[in-house]
Amino acid sequence: MSQDYKLRYDQIREGDPTKTNAPAPSKKDESMEVYQTPSHARNLCLVWLDSKRMFFNYAYLISGEYSANGEKNVILLHFASYTVQLQGYGLESIFMSILDHSPKIITMTDERYVVDGIESVVIDMLVEKKE
């Protein structure tokens, strides 16, 4: 008997077949939403303050850089056709999540609404098309 079948059977017996076995995230990060289960095609969607959205497929992510110079942090993501720059506070956790291709949506926050104690906040996002 496959293990997936046994787990699904146990869920049905418990009365909730929609429940997954994925662990719940330890901390709620307001600036990003992550994938809860492994999947084949993954995209990273950026959301600006004006509700503009742009997504990038992780398959085209070539490299990433994290810089903690000064008060603001910077993440540079080099995709095949674009370079994405994220600026904000406490971005190391987002950078480490990007290593696992787990962020699904990263949302920009207005700098005047930044609250102390939030794990990570993206306050600026720049996208440049490579020539």
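Return yes or no: is residue 93 touching a Phe, Trp or Tyr at 6+ places or on another chain (Cβ under 8 Å) and among the small types (Gly, Ala, Ser)?
So residue 93 does not fit the description; no.
Residue 77: modelled with pLDDT of 95 or more, under 16 Å from residue 121 (Cβ atoms) and under 16 Å from the mean Cα position of the chain (by Cα), yes or no?
In short, no.
Would you confirm, using the coordinates I've provided, whether residue 90 is surrounded by 13 or more Cβ atoms within 10 Å (Cβ to Cβ) and farther than 16 Å from residue 60 by Cα?
yes
Return the total of residues in segment 48-104 being among the polar types (S, T, N, Q), part of a loop (DSSP other than H, G, I, E, B) and without any contact (Cβ under 8 Å) to a residue 40 or more places away in the chain.
Residues that pass the stated criteria total 2.
Any residue that is over 28 Å from residue 131 (Cβ atoms) and buried (at least 17 other Cβ atoms within 10 Å of the Cβ) - is there at least one of those in segment 42-49?
no
The values are calculated or read from the model by the stated rules, or taken from the named source; none is laboratory data. Bear in mind the structure is a predicted one, so any value in this text is a computation, not a measurement. No Cβ is skipped: glycine too gets one built from the backbone with ideal geometry, and neighbour counts run over all protein chains shown.
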